[in-house]
Amino acid sequence: MLTKFFKLRENQTSVKTEIIAGVTTFLTMVYIVVVNPGILSEAGAPFDAVFMATIIATIVGTLWMGLFANYPIAIAPGMGLNAYFAYSVVGGMEISYEVAFGAVFISGILFVILSLTPFRKKLIEAIPSNLKHGITAGIGLFIAFIGLRLTGLVVSHPVNLVALGDLHSPTVLLTLFGLAVTLILMALNVHGALFFGMVGTGVVAYFTGHLSFEKVVALPSMPDAFIFGSPITAITDMFQYGLYAAVFSFLLVTIFDTTGTMIGVAEQAGLMKGKTMPRARQALLADSVATSVGAVFGTSPTSAYIESSSGVAAGGRTGLTNMVVAFLFLIAMFFAPLVGAISGLAAITAPTLIIVGSFMLSSLAKIDWNTFDEAFPAFLIILTMPLTSSIATGIALGFISYPLLKVVRGKWREVHPLVMLFAVLFFIQLAFVPH
């Protein structure tokens, strides 16, 4: 039955291979159940609720991708967007996490609509590739900086704004240990290096007295649905608090991140048909539906996970890989007490933020640095995201400067009308909406 439903023979794979691939993908991305609740709890969101919402959104998106698109691409709350949610939207705009979850829900619904129409394809094609790469790299720097700051490796300074922290601090030493262990495991190509790095750091923290917990497992409890009130509340809050830029940023980054990751993993697995990705609509719906469901229970936007490439490398070619991933995340529901204790110690999770940030900087190599009017807007995005602690501000400045430079250099025909529209909207947002 499994062979027929997932077309295992057509994809030259087997049940055993798919199970091994699923376990591999799970180990490389399970860190999110620790890191995501830890980041969102910084915004005041209840840890237990976010933990369960993270797993629910992951299971929904991953199952949808496996059952309807038949791809070995897992879905989970995206790194970078969770930090944007906590530090820029909730922290920067001084709104409650409930209101922010409403904005996530609206972006998810918009993503569902776009995934069902040709407009999504036109939107992706309209945005210059250099801006897309700049957004990815900027988010990478942003979350890496958060990892450095949370552990005290980087501290505030009255003159220079930032400075090196106390390298003799137990938290800093533990962070450096975790970073070293994880990097060594990655250099040795160990599948699940990020996860095993957290485990190793947690063991050291436990025996040195920096980590304690009363129990390891517990029966899961479902979080409240519609944590932000109701869909109507979400819409009225968006207008009341001027969350247009936040909604657009959630939507834009999710679309680009998801599309790029899906295409990259599909190419690696040999599932592309020329430049076309079969069942692309079903695949994109997996992410958009998961984002909407996740927001209902209390987590930031989801995204296709590049860690799925590890499962593809292990032989995964079909949605059966995703079935295994979803099942293992279901089991992870029972380990909330242990995850809660681990996530409370930044030294355990920060190395993951730093390393994932470095992965995202690979986009720098794809930017056309030799063309000034292409390079500078991307540079502006990369520079301002970590310095302003705002993904939305970085995107806005990039979109405003891009058409401006093109017009000045007489290349206005290269600017897509949608990009001009976004530039105007972002200018109005920055100039007239209080920050």
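Using the Cβ-Cβ distance between residue 206 and residue 361 with R0 set to 22 Å, the FRET efficiency works out to roughly 0.10.
Ignoring aspartates and glutamates fewer than eight residues from residue 366 along the same chain, the ones with Cα atoms less than 17 angstrom from its Cα are 125, 257, 374.
Scanning the chain for chymotrypsin sites (Phe, Trp or Tyr not before Pro) in DSSP loops with at most 15 other Cβ atoms within 10 Å, what's the longest stretch left with none?
On the way: sites that count: 213, 369.
The segment 1-212 is the longest one with no such site.
Computing FRET efficiency as 1/(1 + (r/R0)^6) for residue 124 and residue 199, where r is the C-beta to C-beta distance and R0 is 56 Å, gives about 0.90. A straight line joining the Cα centroids of region 298-339 and region 351-416 runs 31 Å. 3J(HN,Hα) couplings calculated from phi for region 220-237 with the Karplus curve 6.51 cos²θ - 1.76 cosθ + 1.60 (θ = phi - 60°) are, in sequence order, x, 10, 6, x, 5, 6, 6, 4, 9, x, 6, x, 5, 4, 4, 5, 5, 5 Hz; Gly and Pro show x.
Show me the trypsin sites (Lys or Arg not before Pro) within region 253-338 that DSSP assigns to loop and that have at most 16 other Cβ atoms within 10 Å of their Cβ.
Working: sites: 273, 275, 279, 281, 317; in loops: 275, 279, 317.
When the trypsin sites (Lys or Arg not before Pro) of region 253-338 are filtered for loop state and at most 16 Cβ neighbours within 10 Å, 275, 279 remain.
Less than 15 Å Cβ to Cβ from residue 17, Lys/Arg counted +1 and Asp/Glu -1: what total charge do the surrounding residues give? Cβ neighbours under 15 Å give a net charge of +2. Accessible surface area normalised per residue over region 284-435 is 39 Å², counting heavy atoms of protein chains with a 1.4 Å rolling probe. Given the pairs 122/406; 4/122; 16/132; 273/406; 7/122, which are separated by over 27 angstrom at their Cα positions? With Cα atoms farther than 27 Å apart: 4/122; 16/132; 273/406; 7/122.
Sort region 40-128 into rounded, prolate or oblate with this rule: let a ≥ b ≥ c be the square roots of the eigenvalues of the Cα gyration tensor; rounded if a/c is under 1.5, and if a/c is not under 1.5, prolate when a/b is larger than b/c, oblate otherwise.
Working: a/c = 2.36, a/b = 1.34, b/c = 1.76.
It comes out oblate by the Cα gyration axes.
Under the 0.36 nm per residue contour assumption, what length would be gained going from the current alpha-carbon distance of residue 430 and residue 409 to full extension? Kindly include the intermediate steps, with their values, before the conclusion.
Numbers: separation 21, 0.36 × 21 = 7.56 nm, distance 2.44 nm.
Contour length minus Cα-Cα distance gives 5.1 nm.
Which one of 419, 216, 356 has the biggest mean-square fluctuation once the chain is modelled by GNM with Cα springs under 10 Å? Among 419, 216, 356, the largest mean-square fluctuation in the Gaussian network model of the chain belongs to 216. Using 0.36 nm per residue and subtracting the Cα-Cα separation, the extra length available between residue 169 and residue 371 on full extension is 68.2 nm.
Compute the label zone of residue 186 within region 313-353: residues whose backbone N is under 14 Å from the point 7 Å along Cα-to-Cβ. What the label zone holds, given the 14 Å backbone N cut-off, is 349-353. Each label was represented as a point 7 Å from its Cα along the Cα-to-Cβ direction; for residue 334 and residue 162 these points are 4.2 nm apart. Normalised by 2.2 N^0.38 Å, where N is the number of residues, the C-alpha radius of gyration of region 134-263 stands at 1.44.
For the chain, give the percent of accessible area contributed by carbon and sulfur heavy atoms, probe 1.4 Å, rounded to a whole number. It is 67 percent, rounded to a whole number.
Rounded to the nearest 0.05, what FRET efficiency do residue 12 and residue 421 give with R0 = 51 Å and r taken as the Cβ-Cβ distance? Could you check?
Details: r = 46 Å, r/R0 = 0.89.
Computed FRET efficiency for residue 12 and residue 421 comes out at 0.65.
Taking a cut-off of 37 Å, what percent of all Cα-Cα pairs in the chain are separated by more than that? Cα-Cα pairs in the chain separated by more than 37 Å: 21 percent.
Across q = 0.12, 0.17 Å⁻¹, region 189-335 modelled as identical point scatterers on its alpha-carbon atoms has Debye log10 I(q)/I(0) values of -0.76, -1.18, in the order of the q list.
Given their separation in residues at 0.36 nm each and the Cα-Cα distance between them, residue 239 and residue 216 gain 4.0 nm when the chain is fully extended. Phi angles across region 137-147 convert, under the Karplus curve 6.51 cos²θ - 1.76 cosθ + 1.60 with θ = phi - 60°, into 3J(HN,Hα) values of 5, x, 5, x, 5, 4, 6, 5, 5, 4, x Hz, Gly and Pro given as x.
In the elastic network of the chain, a GNM with C-alpha springs shorter than 10 Å, the most mobile of 311, 209, 38 is 209. Estimated from helical segments only, the mean residue ellipticity of the chain at 222 nm is -21000 deg cm²/dmol, where each DSSP H run of four or more residues counts as -39500 (n - 2.57).
The values are calculated or read from the model by the stated rules, or taken from the named source; none is laboratory data. All figures in this text were calculated on a predicted structure; none of them were measured in a lab. Glycine also receives a Cβ, built like all others from the backbone with ideal geometry; neighbour counts cover every protein chain displayed. Please note that ligands, DNA and RNA were not included when accessible areas were found on the heavy atoms of the full protein model with its side chains. Shrake-Rupley method; radii C 1.70, N 1.55, O 1.52, S 1.80 Å.
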